[in-house]
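Worksheet: the structure to be examined is printed underneath.
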Amino acid sequence: MVERLQAGDERAFDALYGRHQPPVFRYALRMSGSAATAEEVVQDVFLDLIHNARGYDPLAGPLRSYLYGMARHALARRRRGERPFERLVDEIPANGDEPLAGMERGECVELLRSALGALPAHYREAVVLCEMEELSYAETAEILGVPIGTVRSRLSRAKGLLFERLSRQGVKA
Amino acid sequence: MTDEKLRQALRDLASESANAEARPQVRTALRKAVRARHTSPMVWWRAAAAAVTVGVLAAGVARISEWPAPAPSQVEALTPWYFSAGMPPAESGQWIRLEVPADTAARFGVVANGPVQADLIIGDDGLTRAIRFVQ
């Protein structure tokens, strides 16, 4: 299918794009917090695939992992020299043992979005791939090019950082 | 906050963008790139083939004569160039007279004991359209 795409077969493009564009877009969106950036990443990834710029090898792994990897590189290129994509919302001082009374689920999600955006990229991508994209540790490890143990430790550390940040903002169990 | 609550919150966050996709314009732009991919290799192949062949011919050329081309009575019929099938018709172009080595002329079915004069017809797009040998 990829070879047909690279030969200019529009039906092959439609099939591949229809199947792989949504996850690539969502991953880029969740990593960057920007729909415009996510669209640029989709363009970069598929243009590279169309022109076989990085030489996709089916024997090296599934296309899905390859495309996530390409998206990751595209995001990294954009991140270089930039500040974290989203500033942490003004932190609310911890309120002793008293949980933040009446916090709505939506508020919790908003705080989480900010906390996630403030994570270093290598922690954030572990959370996005494992917990939000629901990929296996093995697949995540393949995409990130690290051992599975590293994925586990990054995920664990990322969750620890999220807990810390959310706790500082008054989110309690 | 427990690990399970955090995971639930992450799932809630993920569900917000579960159906997110790039706008249709992105697909349209990429489709154009695919289409160009479909056509461009042939165009480049033709251009490269023409360039290579002109180079081969030029290698054996003693001189390039002045234009315009000679009267039709002095020349053979035009032979379409190898890769001219499917090319857009050239509205204008140039003749170039060359002396072609005998072995190159033989590839076009012209048997000669020595160099043969030939006219190459090149469109304004730089691609060769036809060749004819001067008798």
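Kirkwood hydrodynamic radius, computed over distinct alpha-carbon pairs, for the range A:2-79: how many Å, to one decimal?
The answer is 12.5 Å.
How much net charge surrounds A:Leu135 when only other residues with a Cβ under 10 Å from its Cβ are counted (Lys, Arg +1; Asp, Glu -1)?
-4
Evaluate the charge dipole of the range A:105-168 about its Cα centre and quote only its size in Debye, nearest 20, assuming +1 on the Cβ of each Lys and Arg and -1 on the Cβ of each Asp and Glu.
Taking the Cα centre of the range A:105-168 as origin, the dipole is about 340 debye.
Set the Förster radius R0 to 30 Å, insert the Cβ-Cβ distance between A:Leu59 and B:Ala36 as r into 1/(1 + (r/R0)^6), and round the FRET efficiency to 0.05.
Result of the calculation: an efficiency of 0.60.
Could you tell me which of rounded, prolate or oblate describes the range A:105-168, using a ≥ b ≥ c as the square roots of the eigenvalues of the alpha-carbon gyration tensor, with rounded for a/c under 1.5 and, failing that, prolate when a/b is larger than b/c and oblate otherwise? Walk me through the intermediate numbers first.
Numbers: a/c = 2.59, a/b = 1.90, b/c = 1.36.
Because a/c hits 1.5 or more and a/b exceeds b/c, the range A:105-168 counts as prolate.
Using R₀ = 35 Å, calculate the FRET efficiency as 1/(1 + (r/R₀)^6) where r is the Cβ-Cβ separation of B:Arg7 and A:His73; round to 0.05.
So, using R0 = 35 Å, E works out to roughly 0.80.
Specify which residue in the list A:Val151, A:Ser114, A:Ala141 is farthest towards the positive end of the charge dipole of the range A:105-168, using unit charges on the beta carbon of Lys, Arg (+1) and Asp, Glu (-1), about the Cα centre.
Going by the Cα projections, it comes out as A:Ser114.
Provide the net charge surrounding A:Arg4, with neighbours chosen by a C-beta distance below 10 Å and charges set as Lys +1, Arg +1, Asp -1, Glu -1.
On the way: positive: A:Arg11; negative: A:Glu3, A:Asp9, A:Glu10.
Here the charged neighbours net out to -2.
Taking 0.36 nm per residue of separation and subtracting the Cα-Cα distance, what length does fully extending A:Asp14 through A:Ala36 add?
Numbers: separation 22, 0.36 × 22 = 7.92 nm, distance 2.16 nm.
Once the chain is fully extended between A:Asp14 and A:Ala36, it gains 5.8 nm.
Based on the Cβ-Cβ distance of B:Ala112 and A:Val2, what FRET efficiency does E = 1/(1 + (r/R0)^6) give at R0 = 45 Å, to the nearest 0.05?
Efficiency computed from Cβ-Cβ geometry: 0.35.
Bear in mind that the values in this text are calculations on the coordinates, not laboratory data. No experiment lies behind these values; they were computed from the predicted model shown. Cβ atoms come from the backbone with ideal geometry, glycine included; neighbour counts cover every protein chain shown.
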